[in-house]
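Engineer: Starting off with a structure, shown below.
The values are calculated or read from the model by the stated rules, or taken from the named source; none is laboratory data. Nothing here was measured: the structure is a model prediction, and the numbers come from that model. Cβ atoms come from the backbone with ideal geometry, glycine included; neighbour counts cover every protein chain shown.
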Amino acid sequence: MKSLLSGNEAIARGAYECGVTFASAYPGTPSTEITQELSRYDGVYAEWAPNEKVALEVAVGAALAGAKAMAVMKHVGVNVAADPLFTVSYTGTNGGLVIVTADDPSMHSSQNEQDNRNYAKFAKIPMLEPSDSDEARRFIKIAFEISQSFDTPVFLRTTTRVSHSKSVAELETPVSPDTKLKITKNPSKYVMVPAKARERRVVVEKRIDALRNFSESFGENKVEIRSTKFGIITAGMPFNYAKEAFPEFSFLKLGMVWPLPEKLIRDFASRIETLYVVEELDPFFEDQIKAMGIHVTGKKIFPYTNEFDPGIIEKSIRGPSRERKIFHVPDLPARPPNLCPGCPHRGLFYVLGKLKAFVTGDIGCYTLSFMKPLEGLDSCICMGASIGMAHGMSKALKEEGRGKIVGVIGDSTFIHSGITGLLNMAYNRSDAVIVICDNRTTAMTGMQDHPGTGRTLQGAAAAELDLQALAHALGIDNVRVINPFDIKTSRNIIKEELKREGPSLVISRAPCALLKSNSAKGQPLEVILDACTGCKSCLGLGCPAISWKLLEDIPEVVKKKSGKQEGAAFIDTTLCNGCTLCQQLCKAQAIKKVKNHV
């Protein structure tokens, strides 16, 4: 049976078909849907972990117990999971263990675009990379076969375009998962004290040699000979782009991207006059192929950054003067991302922007508040960094820094990697203020639950983390809770905490505007045009529901206005959810609830 699936849906389907019974992940675009989809299949246990390190560690535990287990994360999540990753390469696995890394070329939803093929080489773990949904479905199954055959964790690498594009996949009947699992004690293999780790280090090198031999005959490394004049070595989605741009060329499409099949590459290269390497991001293939003494052209003509497309590949090879113009994309006005109407972060960052504090930010929807008009955030490095950075600044500035530094972090991100930073602040007596934006969900990646929401991935009721009690337990004496929709009170409380000596925590608590369970939505508001003075205070919120109209475009009020007034604010009632932030800022009291709203 055939079905139209995204790459993420196909990975979940393939995992189900081959008997995967355990999966753990931290949500992160472009990987999130894999675990969500897998959780819907019967007989599968799937969970959201507090972070990727925990996700991998629990997957390792399930694999050592004999299960087929999967850990899923976006590319930067592998950085968090790197500690157990490098050592499980030494121990190997009892069942099967596959780590899915979803890379994000062009940084559609990421702070960098690292190429995680490097992790496979660095950790000495084999890596497969599919180019479409059916390969994604098949490759996850092959990855588990390799894991069990070679006693190794295996990487499956996708990119945003594979993860989110849809193509036809051939569905197969699932196998029955192994239900008779047992833990086998083997401390010589699983206890990585130095003496045992040195023994396992030798095993890893022997395994890599065996995998190199395996890669030579790996069926998903495919050769297509059409022309002896031009050839391309590639993998993943770039294969589709290159094939579209140059269907007449010969191709070596690599399904296993580490370790590389040297004999196969040499044989292909010997049959081609001019050889190109087409790969997104790093010259991973190119460097290794050149080290074999084979002349290839790669990053000399292809970009180091961003996603490719057929046009980029054609332009790189043919040159701009010979590029075929397939279609013209007209210039469109920029449409930057924005916080949603009714977002609880808007009021908080409006206040922070007005207070002129230096605000260390973090990864989440609220990162968008760095833009005009809010301008309420000044730095963003990685998950959890805001707390450590705020502490470091307060210490570096010493007395001069008191009353100036605020660190902001989301509830899910705080659980992910902020707890130890807050403990450090308490232990080393910071003078910074930390604000947890508690919107009751992992909003940026699509409303996933976490330990603070009281629900698991599969919908079961769970213990709900008490952020206030946790902060007190860590040693933070000053803990305040604010409603970010109350601008005046929020401003006063944050100002008070900025003046206080020692570390402070403010919990900005209000549900995400997109949560189905959000009962805080109010009656839409409208601008009484006759009363609007054109002060533009409401525009400072950057709310998508509020726009500006010139007086000449609203003839019904133009004659009643002063000659100095340029225009008036306008609220789109279909977007407004009645958060009242704009109403609180309107000194003219020109913003009112819509009458008779249904």
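Engineer: Do we have any residue at all in segment 180-192 that's part of a helix (DSSP H, G or I) and buried (at least 17 other Cβ atoms within 10 Å of the Cβ)?
Structural biologist: Yes, that holds for at least one residue.
Engineer: Pairs under 9 Å by beta carbon, first residue closer than 30 Å to Thr91 by Cβ in segment 149-172, partner among the charged types (D, E, K, R) and assigned to a strand (DSSP E or B), six or more apart or different chains?
Structural biologist: Short answer, once both residue conditions are applied: Arg157/Asp103; Thr158/Asp103; Thr159/Asp103.
Engineer: Taking segment 260-286 on its own, how many of its residues are more than 14 Å from Glu220 (Cβ to Cβ) and either in the same structural domain as Thr160 (by TED's automatic domain parsing) or not aliphatic (A, V, I, L, M) (or both)?
Structural biologist: Number satisfying all stated conditions: 17.
Engineer: Please count how many residues of segment 114-130 are over 20 Å from the mean Cα position of the chain (by Cα) and part of a loop (DSSP other than H, G, I, E, B).
Structural biologist: Selection size over segment 114-130: 3.
Engineer: Go through Glu47, Glu37, Glu57 for me and flag whichever is among the acidic types (Asp, Glu) and either at pLDDT below 95 or outside any helix (DSSP H, G or I) (or both).
Structural biologist: It is Glu47.
Engineer: Okay, next question. Looking only at segment 124-140, how many residues end up being over 19 Å from Leu260 (Cβ atoms) and surrounded by fewer than 24 Cβ atoms within 10 Å (Cβ to Cβ)?
Structural biologist: The number of residues fulfilling the criteria is 3.
Engineer: Out of the residues in segment 16-43 that are over 21 Å from the mean Cα position of the chain (by Cα) and closer than 12 Å to Val72 by Cβ, which is surrounded by the fewest Cβ atoms within 10 Å (Cβ to Cβ)?
Structural biologist: So, considering only residues that are over 21 Å from the mean Cα position of the chain (by Cα) and closer than 12 Å to Val72 by Cβ, the one surrounded by the fewest Cβ atoms within 10 Å (Cβ to Cβ) is Phe22.
Engineer: Please indicate, with yes or no, whether at least one residue in segment 308-320 is surrounded by 14 or more Cβ atoms within 10 Å (Cβ to Cβ), outside the structural domain of Ser110 (by TED's automatic domain parsing) and within 30 Å of Pro153 (Cα to Cα).
Structural biologist: Yes, the conditions are met somewhere in segment 308-320.
Engineer: Kindly indicate which of Cys535, Cys543 is touching a residue at least 24 places away in the same chain (Cβ under 8 Å), surrounded by 22 or more Cβ atoms within 10 Å (Cβ to Cβ), not in a strand (DSSP E or B) and not acidic (Asp, Glu).
Structural biologist: So the residue among Cys535, Cys543 that is touching a residue at least 24 places away in the same chain (Cβ under 8 Å), surrounded by 22 or more Cβ atoms within 10 Å (Cβ to Cβ), not in a strand (DSSP E or B) and not acidic (Asp, Glu) is Cys543.
Engineer: In addition: Just one of (1) closer than 22 Å to Ala462 by Cβ; (2) modelled with pLDDT of 95 or more trips up Glu17, so point out which.
Structural biologist: (1)
Engineer: Here's something else I'd like to know. Here are the criteria: (1) of a type outside the set (D, E, K, R); (2) out of contact with any Gly (no Cβ under 7 Å at 6 or more places or on another chain); (3) closer than 22 Å to Leu281 by Cβ. Tell me which single one Val168 does not satisfy.
Structural biologist: (3)
Engineer: Then there is this: Anything in segment 60-78 that is among the small types (Gly, Ala, Ser) and either free of Cβ contacts under 8 Å to residues at least 12 places away in the same chain or farther than 18 Å from Lys141 by Cα (or both)? List them, or say none.
Structural biologist: Result: Gly61, Ala65, Gly77.
Engineer: Would you call Lys495 within 20 Å of Leu339 (Cβ to Cβ) and surrounded by fewer than 18 Cβ atoms within 10 Å (Cβ to Cβ)?
Structural biologist: Against the criterion (within 20 Å of Leu339 (Cβ to Cβ) and surrounded by fewer than 18 Cβ atoms within 10 Å (Cβ to Cβ)), Lys495 does not qualify.
Engineer: Can I ask one more? Could you tell me whether Thr413 is within 24 Å of Glu33 (Cα to Cα), hydroxyl-bearing (Ser, Thr, Tyr) and either modelled with pLDDT of 95 or more or part of a helix (DSSP H, G or I) (or both)?
Structural biologist: Spelling it out, Thr413 is indeed within 24 Å of Glu33 (Cα to Cα), hydroxyl-bearing (Ser, Thr, Tyr) and either modelled with pLDDT of 95 or more or part of a helix (DSSP H, G or I) (or both).
Engineer: Under 7 Å by Cβ, and 6 or more places apart or on different chains, what pairs join a residue from segment 260-282 that is more than 12 Å from Ser250 (Cα to Cα) with one that is surrounded by fewer than 20 Cβ atoms within 10 Å (Cβ to Cβ) and charged (D, E, K, R)?
Structural biologist: Pro261/Glu216; Lys263/Glu216; Leu264/Glu216; Leu281/Asp115; Asp282/Asp115
Engineer: Here is a follow-up. Out of the residues in segment 219-262 that are among the hydroxyl-bearing types (Ser, Thr, Tyr) and farther than 22 Å from Ala143 by Cβ, which is surrounded by the most Cβ atoms within 10 Å (Cβ to Cβ)?
Structural biologist: Checking each candidate, the answer is Tyr241.
Engineer: Something else about it: Among the residues of segment 74-89, which ones are in contact with a strand residue (DSSP E or B) (Cβ under 6 Å, 6 or more places away or on another chain) and not charged (D, E, K, R)?
Structural biologist: Hits for segment 74-89 are His75, Val78.
Engineer: Based on what the data block shows, is Thr228 of a type in the set (S, T, N, Q) and within 25 Å of Ala12 (Cβ to Cβ)?
Structural biologist: No, not satisfied.
Engineer: Quick check, is Val204 modelled with pLDDT of 95 or more, closer than 20 Å to Tyr119 by Cα and assigned to a strand (DSSP E or B)?
Structural biologist: no
Engineer: Another one. For segment 353-369, give me each residue that is touching a helix residue (DSSP H, G or I) at 6+ places or on another chain (Cβ under 9 Å) and either outside any helix (DSSP H, G or I) or without any contact (Cβ under 8 Å) to a residue 40 or more places away in the chain (or both).
Structural biologist: Answer for segment 353-369, where residues must be touching a helix residue (DSSP H, G or I) at 6+ places or on another chain (Cβ under 9 Å) and either outside any helix (DSSP H, G or I) or without any contact (Cβ under 8 Å) to a residue 40 or more places away in the chain (or both): Gly353, Ala357, Phe358, Val359, Thr360, Gly361, Asp362, Ile363, Gly364, Leu368, Ser369.
Engineer: Moving on. Residues Thr101, Thr93, Thr29: which one is in a loop (DSSP other than H, G, I, E, B) and under 30 Å from Tyr304 (Cβ atoms)?
Structural biologist: Thr29
Engineer: Filter the strands (runs of 3 or more DSSP E) completely within segment 246-352 down to those with at least 2 residues that are of a type outside the set (A, V, I, L, M, F, W, C) and at pLDDT 95 or above.
Structural biologist: Once the strands (runs of 3 or more DSSP E) in segment 246-352 are filtered for at least 2 residues that are of a type outside the set (A, V, I, L, M, F, W, C) and at pLDDT 95 or above, what remains is 250-253, 274-278.
Engineer: Now, a different point. How many residues are surrounded by fewer than 24 Cβ atoms within 10 Å (Cβ to Cβ) and either of a type in the set (S, T, N, Q) or not in a helix (DSSP H, G or I) (or both) if we restrict to segment 418-436?
Structural biologist: Number of matching residues: 4.
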